[in-house]
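Notes follow once the structure below has been shown.
Just so it is clear, none of the values below were taken in a lab; they were calculated from the coordinates. Everything numeric here is computed off the predicted structure, so don't read it as measured data. Here Cβ is always computed from backbone atoms with ideal geometry, including for glycine, and neighbour counts include all displayed protein chains.
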Amino acid sequence: MFINLKEDLKTNFLKYTVVDTMSDEKKAEFQHPSSLNQLDLINMLKADLEKLNIEDVSVGKEGVLVAHIPATVEGAPCIGLMAHVDTADDVEGNGVKPQVIEKYDGKDIVLGNSSRIIKKDDNPELENYINSTIFTSDGNTLLGADDKAGVSEIMTIAKILVENKDIKHGEIEIIFTCDEETGCGMDAFPYERIHCDYCYTIDGGTRYEIESECFNASKVSIDFKGVSYHLGAAKGKMVNALTMATTLVNSLPQAESPEATDNRDGYYCPLELNATNDEAHLVVYLRDFELSEIERRENVLKSLCSMVEQIYPGGKTEINFKRQYYNMKDISKKNPKVLDSIFEAGRRLEQPLFESPIRGGTDGARMANEKGIPCPNIYTGGHNYHSYYEWCALNAMEDAVKLILEIIKIGAEK
Ligand SMILES: [Zn+2]
């Protein structure tokens, strides 16, 4: 018999959201994990998995937990389930006091004693959860459903698999990571400790939303070298590097900027400019779902550099490209079962799944790119991430657990 899914999810969620796990953007590049309190939750999860009699649980010094639930059928692929323990630092992420609204009445939600209100008009999704349970913060912090909803769902799945040995499945590899929010979580990722054939991050939002596609990303650095001269006698001699850099920035097509694009359109985004009249350093981010469009924009930037050199004779430019990550869809295509089993599970459970492209990257995308392990992202049931107005629906968490269990079963079918 299955456990009471909702009760188990609620217990997990309330237990894990009160643990402080805010990551530290400033330390993330050279310290793994960036904040030591993330280890408090990692160690708690280790103990909770061991209580379920899962023997193979390890935590590395970088803070990543890897656990294995043995297969109940031979020859089935090993499936990874991944979630992150850290919370964002866009608003206060520590000291979370979760509020439980047992029977949501369909009205605006006042957050604790704070003056903050989750307005139903801004959150049309709330209507789907009238009379059911919703979690919020008390308005003084974020809630941390990103990604403790995912963590809780994986823990509930672990319990179900351990207590129901008649469920046919391959080996399950549970991965809890730190520092996803800082973008540095995969820098120290212990690939040597994992061996799943494919993986799912449980780190999405809205119920039924599946994310299997993300941007391709290129970081472009351009150095401008001017010719400095005494300003009083500069005529015909000085070349101003700052002017060169702003000329290039002003030549970028505004219609292809983040603020003018959505859905499947890519963009140029000038992100950083340090400049004097002697030299300037400019960083431009390129993003697109199609790699050919990234290449096209890289070539445009090369042309703009030579244009700037022609307009300002004597000035020099140097351009460098760094490919940051790639659209994971191309890796998923090599193993169609990864995505097919999500949508087959959705059909069997009559969940109206829909796909949306991620206008960014994910840890799953890095795993796909760095190790060729396909890793789409599944919804958790949370909304308004990284804000005081974050909320999460228990019914959606339950649906996520059912969907993932079905995916696991399909994984073991011939
Ligand atoms: Zn997340």
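Filter the range 267-291 down to the residues that are crowded, with 20+ Cβ neighbours inside 10 Å and of a type outside the set (A, V, I, L, M) and list them by number. Passing the criteria: TYR267, TYR268, ARG287, ASP288.
None of ILE319, ILE407, ILE342, ILE358 is β-branched (Val, Ile, Thr) and farther than 25 Å from LEU291 by Cβ except ILE407.
One residue stands out among those in the range 27-43 that are out of contact with any Leu (no Cβ under 7 Å at 6 or more places or on another chain) and in a helix (DSSP H, G or I): the one that is farthest from ASP179 (Cα to Cα), which is ASN43. Test ILE294 against the stated conditions and say whether it is outside any loop (DSSP other than H, G, I, E, B), touching a Ser or Thr at 6+ places or on another chain (Cβ under 6 Å) and surrounded by 15 or more Cβ atoms within 10 Å (Cβ to Cβ). So ILE294 passes the test. For the range 51-108, filtering for residues that are under 22 Å from the mean Cα position of the chain (by Cα), in a strand (DSSP E or B) and either within 16 Å of the ligand (Cβ to nearest atom) or not β-branched (Val, Ile, Thr) (or both) leaves 8.
Here GLY144 fulfils each of the conditions (1) more than 16 Å from the ligand (Cβ to nearest atom); (2) under 12 Å from GLU390 (Cα atoms); (3) small (Gly, Ala, Ser) apart from (1). For the range 154-161, indicate whether the set of residues that are touching a residue at least 12 places away in the same chain (Cβ under 8 Å), touching a Gly at 6+ places or on another chain (Cβ under 7 Å) and not in a loop (DSSP other than H, G, I, E, B) is non-empty. No.
Yes or no, residue by residue, for (1) among the small types (Gly, Ala, Ser); (2) crowded, with 16+ Cβ neighbours inside 10 Å:
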| site | (1), (2) |
| --- | --- |
| TYR191 | no, no |
| ALA217 | yes, yes |
| GLY232 | yes, no |
| ASN240 | no, yes |
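Does at least one position in the range 163-170 carry a residue that is over 16 Å from VAL401 (Cβ atoms) and in contact with a Gly (Cβ under 8 Å, 6 or more places away or on another chain)? The answer is yes; a qualifying residue exists. Against the numbered list (1) within 21 Å of LYS322 (Cβ to Cβ); (2) away from the ligand (no atom under 16 Å from the Cβ), ALA233 comes up short only at (1). Of everything in the range 147-159 that is closer than 26 Å to LYS103 by Cβ and aliphatic (A, V, I, L, M), the residue that is farthest from the ligand (Cβ to nearest atom) is MET155.
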